[in-house]
Amino acid sequence: MSKQIQRERRAREGAELSTRLTYFVIGGTVGAVVALLLAPKSGRELREDLADVTRKGVDRTRETASQVGAKAGEYYEVAAGKAGELAGAAREAASRRGENLSAAIEAGKRAYQEEKRRTESTSMELAPTYYEGEKK
């Protein structure tokens, strides 16, 4: 008997669902008819207004896009100029450091050569002369 009750319950639920669906369709149809009857404009006029609004929106979008493109170009030019300036400053700084390094290396070489000459000349003065000893 429980199967019989389940079948009856399903049948009632199915009937309720179909009734609800029927009421929904009838309500939608009545709403659409009322909207058409109370609309301030005809369908043709309404479509034309929608087309005008759409065209205006497209025109405004194009105008805004061109303005954004122009601004982007300006920002690109400014950014490229700044990047060029920074690159030039970096090159100059590297060049100056390279010059300073070269100058330091050259100064070190000169100091080494001067010290070497001084050491050689001092050692030559202090070196014994053997030929003097032979004369005695």
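Among the residues of segment 39-48, is there at least one that is surrounded by 10 or more Cβ atoms within 10 Å (Cβ to Cβ), assigned to a helix (DSSP H, G or I) and modelled with pLDDT of 80 or more? Yes, segment 39-48 contains a residue that is surrounded by 10 or more Cβ atoms within 10 Å (Cβ to Cβ), assigned to a helix (DSSP H, G or I) and modelled with pLDDT of 80 or more. Output yes when any residue across segment 68-89 is modelled with pLDDT of 85 or more, part of a helix (DSSP H, G or I) and β-branched (Val, Ile, Thr), and no when none is. Scanning segment 68-89, I find at least one residue that is modelled with pLDDT of 85 or more, part of a helix (DSSP H, G or I) and β-branched (Val, Ile, Thr), so the answer is yes.
The values are calculated or read from the model by the stated rules, or taken from the named source; none is laboratory data. Not measured: the values here are computed from a predicted model. Please note: Cβ atoms are built from the backbone with ideal geometry, for glycine as well, and neighbour counts cover all protein chains shown.
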